[in-house]
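Enquirer: Below is one structure. I have some questions about it.
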Amino acid sequence: MSQNQVQTDSPWTIQVWVVVFVSSVFVVLCSGLWAYILVTRTNVQALATPTVVVAVQTVNIPVTLVPSPTPLQISTPVLEPTITATPPPSDGTVSIGQMVQVHDTGGDGLRLRDQAGLAGNVVYLALDNEVFRVEEGPVEKDGFLWWRIVAENNDKQKGWAVENFLTGIR
């Protein structure tokens, strides 16, 4: 056998392509294992709880209080309740037990109050075309006739209303 010839029948002879293939598989397996470890391990830094530190510096400023030479007098104005819209004239068709409809509020709505008169607290704002049943009245107060009305479908919507914004419907 010559010196330039390679003996291929020996059991220990390895082809170059086999070495390259096995090395490539080894590198791919190691890379995959390393990626798996990086993805699945618990990130200790992400679990750390941030702590906020606030530094406060106090500055003392001397203040001298000087009394005013004249006492301040404050007067409290007295507010009188007013009607925001001028009510239309009453047609006189409202009576106890009758169904009435709210009308001509100009989009402001009709304020139903807990008692007859402008001093009563507003408990509900009835809109134009809402229908109510008359339960009590009339009571004359603050220059208006007041009727106690209750909503047709909800007895919690009730209060005293000015007759000028009500029209009898049945």
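Enquirer: Across the stretch 125-143, which residue is surrounded by the most Cβ atoms within 10 Å (Cβ to Cβ) among those that are touching a residue at least 12 places away in the same chain (Cβ under 8 Å) and at positive phi?
Expert: In this case the residue turns out to be Gly137.
Enquirer: Also, quick follow-up: Could you list, ordered by first residue, the pairs with Cβ atoms under 9 Å in which the first is in the stretch 150-168 and β-branched (Val, Ile, Thr) and the second is surrounded by fewer than 17 Cβ atoms within 10 Å (Cβ to Cβ) and assigned to a strand (DSSP E or B), at least 6 apart or interchain?
Expert: Every condition considered, the pairs that remain are Val150/Arg133; Val150/Glu135.
Enquirer: Separate question: Are there any strands (runs of 3 or more DSSP E) wholly within the stretch 108-170 with 3 or more residues that are over 35 Å from the mean Cα position of the chain (by Cα), and if so which?
Expert: Counting at least 3 such residues, we get 131-141, 144-151, 166-168.
No value in this document is a laboratory result; all are computed from the given coordinates. On a predicted model such as this, the values are computed, not experimentally measured, just so you know. Glycine gets a Cβ as well: all are built from the backbone with ideal geometry, and neighbour counts include every protein chain shown.
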